[in-house]
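Working notes, beginning with the structure itself.
The values are calculated or read from the model by the stated rules, or taken from the named source; none is laboratory data. Every value quoted in this text rests on a predicted model; they were computed, and no experiment measured them. Note: ideal-geometry Cβ built from the backbone for every residue, glycine included; neighbour counts use all protein chains shown.
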Amino acid sequence: MKNHILINKKIASFNKKIQVSGDKSLSIRLVLLASQAIGKSRIYNLLDSEDVNHAIKCIKRLGINVKNYKKYCEIFGKGLNGFEYKKNLTLNAGNSGTLARLILGLLAHANKKIKIIGDKSLSKRDFGRIIEPLKKFGANFYSNKKKTLPLIISGTNFTRPINYVEKRGSAQCKSSIMLAALNTKGKTRIKAKKSRNHTELLFKELGIPTKIKKYKNYDFIEINGGKRFESINYSIPSDISSSSFFIALTLLSKNSSLKIKNVNINPSRSGVISILNLMGAKIKVINKKKYKGELTADIIIKSAKKLKGIVCPTKYNANAIDEFLIIFLIASKSKGVSYFKNLSELNKKESKRLDIASKILTLMGVKNQLKNNSIKIFGNPNLELNSNFLIKNFMKDHRIFMMCTIAALTLGGNWKIKDKSSINSSFPKFLSILKNIGAKIN
């Protein structure tokens with residue numbers, strides 16, 4: 001089967017309502033937490049993607065029973081430290097940094113050595129940020145000097161609570177520490193730079209003893225570990241990161257409108273809406289509701305008549321980190337210069353996204369300057385493409401693939417975009433939803 005798509009025609013005007021797939025961050029966290037709960041958890045709208053399926057396979061290999069049905073998934077938790085540890089056990093996290101880093105927190109209590117592996121992309125990413133705090137709990141690690149995958153962890157029955165300062169704004173690091181604290185008696189305290197807070201909200205919802213104090217730049221989190229918790233029923237809202245590609249599609253298309261239903265607009269995740277509205281997008285959020293601590297809503301988008309360049313406030317960096325690729329694309333069609341700075345984390349994702357985005361913009365004829373983890377984009381409201389474009393060698397990064405697909409459908413040109421299978425890690429339904437809206441994709 002061919003692993004590329006061809007696009008040679010811009011999308012026609014549309015007026016549609018869609019619902020995108022379930023939130024990936026919540027899906028992986030719920031799978032892991034349900035494995036530690038007592039009894040049967042039922043999760044609706046669990047994202048059906050490779051990343052989430054790897055999470056399910058991992059807990060199955062650790063002795064947890066999982067049943068998948070058409071509309072929901074049932075996970076039969078055995079309580080804290082209820083995993084079964086077999087000799088020479090290897091867990092494959094695939095492409096998922098969230099899964100690999102978070103499950104290490106649960107494995108801080110493993111009584112046997114467990115090997116964690118991932119695909120080529122994940123095996124280049126830094127795990128030192130996880131190894132350091134988990135060693136403080138008492139876990140042992142066997143890794144290479146670069147502290148990348150594959151690595152081996154062996155836990156201890158005598159974990160000790162820790163005090164830790166998380167300085168990067170890494171939700172994965174913070175969450176891994178929180179999961180290690182679950183089965184560690186005593187109070188673990190974390191001073192964490194602001195990042196997405198799905199794990200904190202789930203801890204609260206599950207009744208795990210957790211205290212949170214919010215300050216301007218940091219959150220203080222205290223977890224009283226060793227307390228068993230009951231199973232959960234949960235219906236996962238749609239993913240804001242997946243939704244952002246359709247937001248951009250609508251903004252850059254002519255005479256079009258779109259309603260995306262029941263999207264998770266958690267303030268720690270929805271910076272993309274704030275940034276695009278600063279650029280003149282006028283995105284509306286309606287039917288706001290609180291669901292188990294998460295804020296959900298319908299998002300309404302219309303074609304943008306005037307987009308303007310901005311100096312993007314760095315306060316939005318953490319809660320829009322996965323959406324900057326699509327924000328850069330919007331900036332290329334905006335009037336004036338846009339400046340985005342302090343984006344070092346963007347180069348520590350599935351690929352060096354900041355560097356690759358700059359190369360793609362240059363390929364499109366969009367002037368940009370990349371310097372010191374920052375990028376200036378010189379926008380052109382009249383940008384129209386009519387050349388041939390071949391996109392390859394982007395580390396099979398799903399978000400690079402989706403960014404280029406939206407560029408092809410809105411800016412014109414003849415595009416061949418390789419590694420179609422990359423979207424299977426996070427959003428397998430991406431192309432089918434585009435086709436339902438009216439996109440012509442071969």
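Structure data summary
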item	result
Verdict on Ala108 being touching a strand residue (DSSP E or B) at 6+ places or on another chain (Cβ under 7 Å) and small (Gly, Ala, Ser)	no
Enumeration of residues in the stretch 347-386 that are at pLDDT 95 or above and of a type in the set (Ser, Thr, Tyr)	Ser358, Thr362, Ser374
Of all residues in the stretch 135-172 being within 23 Å of Lys227 (Cβ to Cβ) and among the hydrophobic types (A, V, I, L, M, F, W, C), the one that is surrounded by the most Cβ atoms within 10 Å (Cβ to Cβ)	Ala171
Hits in the stretch 225-236 (condition: farther than 22 Å from Ser25 by Cβ, touching a Ser or Thr at 6+ places or on another chain (Cβ under 8 Å) and not in a loop (DSSP other than H, G, I, E, B))	Gly225
Filtered residues of the stretch 40-80 (kept if farther than 13 Å from Asn233 by Cβ, among the charged types (D, E, K, R) and touching a residue at least 24 places away in the same chain (Cβ under 8 Å))	Asp48, Glu50, Asp51, Lys57, Arg61, Lys78
Phe220 vs. criteria among the aromatic types (Phe, Trp, Tyr), within 18 Å of Met178 (Cα to Cα) and at pLDDT 95 or above	yes
Extreme residue, nearest to Ser21 (Cα to Cα), among residues of the stretch 227-239 that are surrounded by 21 or more Cβ atoms within 10 Å (Cβ to Cβ) and out of contact with any helix residue (DSSP H, G or I) (no Cβ under 7 Å at 6 or more places or on another chain)	Ser238
Helices (runs of 4 or more DSSP H) wholly inside the stretch 329-442 containing at least 1 residues that are closer than 30 Å to Asp126 by Cα and either small (Gly, Ala, Ser) or free of Cβ contacts under 8 Å to residues at least 40 places away in the same chain (or both)	353-363, 398-411
